[in-house]
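Novice: After the structure tokens below, expect a handful of questions from me.
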Amino acid sequence: MARATTIRQKTITTIIAWTVAMVIFFPILWIVVLSFKSEGDAISTPMRVLTSAWTFDSYAVVQDRSDYFKHFFNSVIVAVGSTLLGILVAVPAAWSMAFVPSQRTRGILMWMLSTKMLPAVGVLYPIYLLFIELGLLDSRTGLVIVLMLINLPIIVWMLYTYFREIPAEILEAARMDGAGMRAELLYVLTPMAIPGIASTMLLNIILAWNEAFWTLNLTAAKAAPLTAFIASYSSPEGLFYAKLSAASVMAIAPILVMGWFSQKQLVRGLTFGAVK
Amino acid sequence: MATQHSQSVARMMMAPAVILLLGWMLVPLTMTLFFSFKKYLPLRGGDLGWVGFDNYVRFVSSSSFWPAVATTLIIVGGVLVITVLLGIALALLLDQPMWGQGVVRILVIAPFFVMPTVSGLVWKNMFMDPVNGFFAHLWRFFGAEPIQWLSHASMPSLVMIVSWQWLPFATLILLTAIQSLDTEQLEAAEMDGARPLGRFWFIILPHLARAITVVILIQTIFLLSIFAEIFVTTAGAFGTKTLTYLIFQRVLESQNVGLGSAGGVYAIILANIVAVFLLRVVGKNLDA
């Protein structure tokens with residue numbers, strides 16, 4: 001296993017890798033810096049930006065002027081709500097496919113995956129129309145439903161790959177010991193399934209938080225989550241660098257932290273188990 | 001083991017998910033198909049009757065169709081080439097022993113978690129703005145005239161923004177694949193005197209083939225439908241109108257629903273062609 005690497009080699013690799021990583025990460029780092037500057041300083045040269053005074057003003061102003069936390073709250077409700085609802089529907093489905101597979105299981109899984117590949121723009125107008133008819137346009141309820149539906153295939157798939165790793169022998173052993181269906185579910189399967197369910201939820205909250213087609217097209221002022229709220233800065237308002245930075249930092253920070261914890265699940269979830 | 005009873009219970013447990021997805025797929029699809037054969041202008045007279053394949057013909061013969069196809073191909077192709085090549089290089093780099101590997105990994109994958117509207121706007125304003133952007137300052141520092149990124153070099157700019165977002169995804173998946181490579185095989189090759197390039201070409205790359213395929217297919221599906229990045233940066237101006245964006249404009253901006261729906265059907269067919277290949281790769285894994 002241990003391949004001999006000299007200290008020199010390791011030093012060189014470290015320097016290159018850190019340089020590359022900093023270049024890739026730089027845009028994020030830069031908006032963090034800008035968010036702590038005054039508007040005047042934020043548009044000056046990078047040297048001046050770094051040497052000028054630091055301030056929390058932008059964070060306060062963003063909230064005062066635009067009701068930032070309303071949109072933040074919308075994002076939380078939509079991301080968490082759609083994920084919980086999705087889990088509720090997907091757990092039984094994935095459980096039955098993993099433990100009571102039939103000849104059709106494979107076909108159903110593949111079909112579910114194929115619905116994920118339906119281009120959203122192809123069904124934009126019908127959904128838009130249905131939303132108007134049902135009074136769901138610019139409502140959190142509507143977004144929760146749509147985001148639940150677009151992520152449902154991923155949730156089912158991820159849960160299925162996790163559940164399939166639970167050894168069936170454990171069930172048989174429990175049955176031999178006289179465990180009923182309920183005991184089997186409660187004391188044997190649930191504890192083993194919880195890590196998989198938690199990872200699935202984590203990834204799906206991230207996906208829902210960042211979804212930016214339906215959130216842009218189906219919301220206005222009232223139900224707009226952060227994706228849509230930030231897009232409102234594409235008007236000349238975007239010229240306020242410090243405020244845009246502060247709004248952006250607050251919008252991406254929670255999800256960045258969650259994302260770093262979910263690297264492994266990301267691979268499994270987004271490749272549908274094809275790469276592990 | 002699976003009895004008649006457990007089979008029917010299983011079917012019941014699957015029913016909600018299947019019914020929901022079936023509805024989600026069939027209802028809007030049927031409506032899109034329905035509208036695509038109609039002249040339907042909600043703001044200018046509403047439903048003006050059946051027109052057969054008229055919308056389909058008009059969508060492809062409109063002057064914005066072929067440019068949109070070209071734009072779509074450039075974005076998808078450009079981003080794929082960049083992310084796959086750089087992704088392989090980065091994955092190989094991150095696999096090497098180094099100090100602070102965990103932190104480096106975290107920094108590299110971070111852009112993937114930035115919401116598309118934020119990354120679009122941050123690049124547009126803080127970096128590509130020809131007056132106050134970071135690049136403008138940098139260019140001026142070296143005595144060069146700042147570039148009007150999003151208007152004069154709109155396509156390279158967009159490809160750059162989207163590549164920045166997707167490079168972490170490619171890197172992460174390729175890195176996962178590299179780490180699953182049997183190190184003994186590499187050591188054996190090294191013992192036999194295989195040079196680094198040879199080891200890469202004959203052992204690592206073939207091992208990565210499947211992961212690369214997955215990256216290409218999944219990214220293609222997502223890249224075909226990128227929207228927010230264009231919406232907040234150029235809003236389709238300066239030749240950045242992709243098929244997705246063109247359909248969006250037809251449907252919601254000019255409210256020509258029939259025409260847009262025909263475009264939507266084309267988009268669905270296109271995505272399905274890619275999906276067939278992806279499903280084949282994923283399906284193989286199910287049997288294993």
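Novice: For the structure I just gave you, tell me whether A:Arg104 is basic (Lys, Arg) and farther than 30 Å from A:Ser248 by Cβ.
Specialist: Judged against the criteria, A:Arg104 is a match.
Novice: Hey, which of the helices (runs of 4 or more DSSP H) in segment B:23-131, taking only ones fully inside, have at least 3 residues that are out of contact with any strand residue (DSSP E or B) (no Cβ under 7 Å at 6 or more places or on another chain) and within 13 Å of another protein chain (Cβ to nearest Cβ)?
Specialist: B:65-95, B:101-109, B:116-121
Novice: Which of the residues belonging to segment B:223-242 are facing chain A (nearest Cβ under 8 Å) and either more than 19 Å from A:Ser235 (Cα to Cα) or in contact with an Asp or Glu (Cβ under 6 Å, 6 or more places away or on another chain) (or both)?
Specialist: B:Leu224, B:Ser225
Novice: For segment A:201-212, state whether one or more residues are farther than 24 Å from B:Thr117 by Cβ, modelled with pLDDT under 90 and not polar (S, T, N, Q).
Specialist: no
Novice: Take segment B:176-189 and flag every residue that is in contact with a helix residue (DSSP H, G or I) (Cβ under 7 Å, 6 or more places away or on another chain) and facing chain A (nearest Cβ under 9 Å).
Specialist: Passing the criteria: B:Thr176, B:Ala177, B:Leu186.
Novice: Of B:Leu197, B:Leu181, which residue is part of a helix (DSSP H, G or I) and either among the small types (Gly, Ala, Ser) or surrounded by fewer than 17 Cβ atoms within 10 Å (Cβ to Cβ) (or both)? Reasoning before the result, please.
Specialist: Values: B:Leu181 fails: part of a helix (DSSP H, G or I).
None of the others qualify; the one that does is B:Leu197.
Novice: So which residues in segment B:219-241 are closer than 15 Å to B:Gly78 by Cα and among the aliphatic types (A, V, I, L, M), if there are any at all?
Specialist: B:Ile221, B:Leu223, B:Leu224, B:Ile226
Novice: Follow-up question, since we're still on this one. Only one of A:Ser58, A:Ser82 is farther than 30 Å from B:Ser6 by Cβ, more than 9 Å from chain B (Cβ to nearest Cβ), within 30 Å of the chain's Cα centre (by Cα) and modelled with pLDDT of 95 or more. Can you tell me which? Write out each step before concluding.
Specialist: Numbers: A:Ser58 fails: modelled with pLDDT of 95 or more.
Testing whether each residue is farther than 30 Å from B:Ser6 by Cβ, more than 9 Å from chain B (Cβ to nearest Cβ), within 30 Å of the chain's Cα centre (by Cα) and modelled with pLDDT of 95 or more leaves just A:Ser82.
Novice: Also, I was wondering about something else. Of all residues in segment B:206-222, which are in contact (Cβ under 8 Å) with a residue 12 or more places away in the chain and either more than 15 Å from the chain's Cα centre (by Cα) or more than 12 Å from chain A (Cβ to nearest Cβ) (or both)?
Specialist: Once the filter is applied, which keeps residues that are in contact (Cβ under 8 Å) with a residue 12 or more places away in the chain and either more than 15 Å from the chain's Cα centre (by Cα) or more than 12 Å from chain A (Cβ to nearest Cβ) (or both), segment B:206-222 yields B:His207, B:Leu208, B:Arg210, B:Ala211.
Novice: From (1) buried (at least 24 other Cβ atoms within 10 Å of the Cβ); (2) under 23 Å from B:Ile221 (Cα atoms); (3) modelled with pLDDT of 85 or more, pick out the condition that doesn't hold for A:Pro225.
Specialist: Here A:Pro225 clears every test but (2).
Novice: Name the single residue that is surrounded by the most Cβ atoms within 10 Å (Cβ to Cβ) among those in segment B:35-61 being of a type in the set (Gly, Ala, Ser) and free of Cβ contacts under 8 Å to residues at least 40 places away in the same chain.
Specialist: Result: B:Gly46.
Novice: What is the residue count in segment A:151-174 for residues that are at pLDDT below 85 and either surrounded by 15 or more Cβ atoms within 10 Å (Cβ to Cβ) or within 16 Å of the chain's Cα centre (by Cα) (or both)?
Specialist: 3
Novice: So, one more: Please state which of the following conditions A:Leu124 fails to meet, knowing it meets all the rest: (1) surrounded by fewer than 23 Cβ atoms within 10 Å (Cβ to Cβ); (2) assigned to a helix (DSSP H, G or I); (3) not acidic (Asp, Glu).
Specialist: A:Leu124 satisfies every listed condition except (1).
Novice: Now a separate question. Restricting the search to segment A:95-135, which residues are more than 8 Å from chain B (Cβ to nearest Cβ), modelled with pLDDT of 90 or more and in contact with a helix residue (DSSP H, G or I) (Cβ under 8 Å, 6 or more places away or on another chain)?
Specialist: Correct list: A:Phe131, A:Leu134.
Novice: Condition (residue is of a type outside the set (Gly, Ala, Ser) and within 24 Å of B:Thr220 (Cα to Cα)) applied to segment A:131-140: is it met by at least one residue?
Specialist: No; the residues of segment A:131-140 include none that is of a type outside the set (Gly, Ala, Ser) and within 24 Å of B:Thr220 (Cα to Cα).
Novice: Right, something else. Could you give me the residue pairs with C-beta distances under 9 Å whose first residue belongs to segment B:118-139 and is over 15 Å from B:His152 (Cβ atoms), whose second residue is β-branched (Val, Ile, Thr) and not in a helix (DSSP H, G or I) wherever it lies, and which are 6+ apart or on separate chains?
Specialist: So the pair list comes out as B:Val122/B:Val114; B:Asn132/A:Ile43; B:His137/A:Thr45.
Novice: Another question, if that's okay. Which of the residues that make up segment B:43-57 are out of contact with any helix residue (DSSP H, G or I) (no Cβ under 6 Å at 6 or more places or on another chain) and either within 14 Å of B:Val257 (Cβ to Cβ) or not small (Gly, Ala, Ser) (or both)?
Specialist: Across segment B:43-57, the qualifying residues are B:Leu43, B:Arg44, B:Gly45, B:Gly46, B:Asp47, B:Leu48, B:Gly49, B:Trp50, B:Val51, B:Phe53, B:Asp54, B:Val57.
Novice: Restricting attention to segment A:27-49, and to residues there that are at pLDDT 85 or above and within 12 Å of B:Phe134 (Cβ to Cβ), which single residue is surrounded by the fewest Cβ atoms within 10 Å (Cβ to Cβ)?
Specialist: Filtering first and then ranking leaves A:Leu29.
Novice: Out of all the residues in segment A:251-259, is one or more in contact (Cβ under 8 Å) with a residue 24 or more places away in the chain and either farther than 23 Å from A:Phe56 by Cα or touching a strand residue (DSSP E or B) at 6+ places or on another chain (Cβ under 9 Å) (or both)?
Specialist: yes
Novice: Oh, and also: Please find, within segment A:250-272, the residue that is surrounded by the most Cβ atoms within 10 Å (Cβ to Cβ) out of those that are more than 30 Å from A:Phe163 (Cα to Cα) and more than 9 Å from chain B (Cβ to nearest Cβ).
Specialist: Ranking the candidates gives A:Met250 first.
Novice: Kindly indicate which of B:Gly77, B:Gly23, B:Gly102 is under 30 Å from B:Ala177 (Cα atoms) and at pLDDT 90 or above. Show your work before the answer.
Specialist: Values: B:Gly23 fails: under 30 Å from B:Ala177 (Cα atoms); B:Gly102 fails: at pLDDT 90 or above.
The unique qualifying residue is B:Gly77.
Novice: Just to be sure I understand, how many residues within segment B:1-59 are touching a Ser or Thr at 6+ places or on another chain (Cβ under 8 Å) and among the polar types (S, T, N, Q)?
Specialist: 4
Novice: So which residues in segment A:100-114 are outside any loop (DSSP other than H, G, I, E, B) and crowded, with 19+ Cβ neighbours inside 10 Å?
Specialist: Those that are outside any loop (DSSP other than H, G, I, E, B) and crowded, with 19+ Cβ neighbours inside 10 Å: A:Leu109, A:Met112, A:Leu113.
Novice: If you go through segment A:12-29, how many residues are within 7 Å of chain B (Cβ to nearest Cβ) and within 23 Å of the chain's Cα centre (by Cα)?
Specialist: Number of matching residues: 5.
The values are calculated or read from the model by the stated rules, or taken from the named source; none is laboratory data. Because the structure is predicted, anything quoted here is derived from the model rather than measured. Neighbour counts run over all protein chains shown; Cβ positions are idealised from the backbone, glycine included.
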